[in-house]
Amino acid sequence: MHQWSRPRISICLAAISGITAAILSTSAVSRPPPPPPGPTAEVSLVRQDQSDCTNANVSGSDPSLIGGTAWVVRQPDGNTSVKVGIVAAPNTKYQFFLKCVKILGYITTEDEGSGENTFTFPTSSVGSVYGFDMYPDGAPPGNKYQSVQVKFQ
């Protein structure tokens, strides 16, 4: 039977520790952490027939008027994405606008009135304060929604 001396054990343990450290440092270099998310905002969609281009007079203080939420994220690639979830009139196609800029697309509600969609637009197409609005074609009063202001400083 072979007996190990203390110096030989120490050398083996040091070698194992060195190899382990090299493997761990190499794997850390080859797998960088995911990039941090960009700035975010969460705003309510409020039943209100009209407002200015930045929705300066829109407030989410009355929960009975809130019909949805928009989650806004500025992406590092120069675009902004907005995910919208609504509960509104059932089986209805809503136009969703970047207020006073352009239509972003449509959200169609199901039988129970819920709907969602995600949109993307160039961040440079807006300033640091802006809003969204949403309504079906030919919407009578009471069927339009304005977002609370989106503010990025």
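Which FRET efficiency value, to the nearest 0.05, is calculated for residue 52 and residue 111 with the Förster distance at 30 angstrom and r the Cβ-Cβ distance? Kindly include the intermediate steps, with their values, before the conclusion.
Values: r = 35 Å, r/R0 = 1.16.
Efficiency for this residue pair is about 0.30.
Partners of residue 83 within straight-line reach, counting lysines whose Cα lies under 17 Å from its Cα and excluding those fewer than 8 residues away in the same chain: 93, 99, 102, 151.
Normalised by the number of residues in region 40-151, the mean separation of alpha-carbon contacts (under 8 Å, six or more apart) gives a relative contact order of 34 percent.
Rounded to the nearest 20 debye, the dipole size of region 40-151 about its Cα centre is 340 debye, using +1 on the Cβ of Lys and Arg and -1 on the Cβ of Asp and Glu.
The calculated P(r) of region 40-151, using every Cα pair and 10 Å bins from 0, goes 15, 52, 28, 4 in percent.
So which GluC sites (Glu not before Pro) in region 76-153 end up in coil per DSSP with only 12 or fewer other C-beta atoms within 10 Å?
Numbers: sites: 110, 112, 116; in loops: 110, 112.
Those satisfying the criteria are 110, 112.
Every number in this text was worked out from the coordinates using simple rules, so none of it is lab data. The shown structure was predicted, so the numbers you read here are calculated from the model rather than taken from an experiment. As a convention, Cβ positions derive from the backbone with ideal geometry for all residues, glycine included, and neighbour counts pool all protein chains shown.
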